[in-house]
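Before any comments, here is the structure.
Read-outs: derived from the displayed coordinates by stated rules, not from any lab. Computed from a predicted model, the values in this text were never measured in an experiment. Don't worry about glycine lacking a Cβ; one is built from the backbone with ideal geometry, like all the others, and counts go over all protein chains shown.
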Amino acid sequence: MTPEPRSLEDELTEDDEREPLGLRAALDAITRTAREDDVVVTVDLHGKLVGLELGPRAVELRPVALADCLQRLVAYAAEAALAAGAEVLAAVLDEPVELPLS
């Protein structure tokens, strides 16, 4: 007799039961912000842009300059968010987590 396949809900419930000390919630809560002049970006742990503020001076920038600024700030904030995630994991694993050099 073959066992019945497990549902996705069962798998997720089991993952939640095994999760140490709210690890998923701690990682999901990580965001980092970077700012330059009137441009402010916020990203999540995955480097996804979750917040953007453009002040009056930012709106006056040429499109190429604004795009360069946004790319630079998102990359900086994403690196900081990843480092914060590594710190959370290191605390749970009780050992350092090495990140690749960028």
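Points to keep in mind about this one:
- Diffusion coefficient (Stokes-Einstein, Kirkwood radius over C-alpha pairs, 37 °C, 0.692 mPa s) for region 54-99: 260 µm²/s, rounded to a whole number.
- Here the contact order of region 21-102, divided by its residue count and restricted to Cα pairs under 8 Å and six or more residues apart, works out to 30 percent.
- Converting phi to 3J(HN,Hα) with the Karplus coefficients 6.51, -1.76 and 1.60 and the offset θ = phi - 60°, region 30-43 yields 6, 9, 9, 10, 10, 9, 8, 6, 9, 10, 10, 10, 10, 10 Hz in sequence order, with x at every glycine or proline.
- Bins of 10 Å from zero: percent of alpha-carbon pairs in region 21-102: 18, 42, 25, 12, 3
- Sequence ranges 55-62, 36-43, ranked by mean other-Cβ count within 10 angstrom, highest first: 36-43, 55-62
- Working note: Karplus 6.51/-1.76/1.60 with θ = phi - 60° gives region 85-97 the couplings x, 5, 5, 5, 5, 4, 5, 6, 7, 6, 7, x, 10 Hz, where Gly and Pro are set to x.
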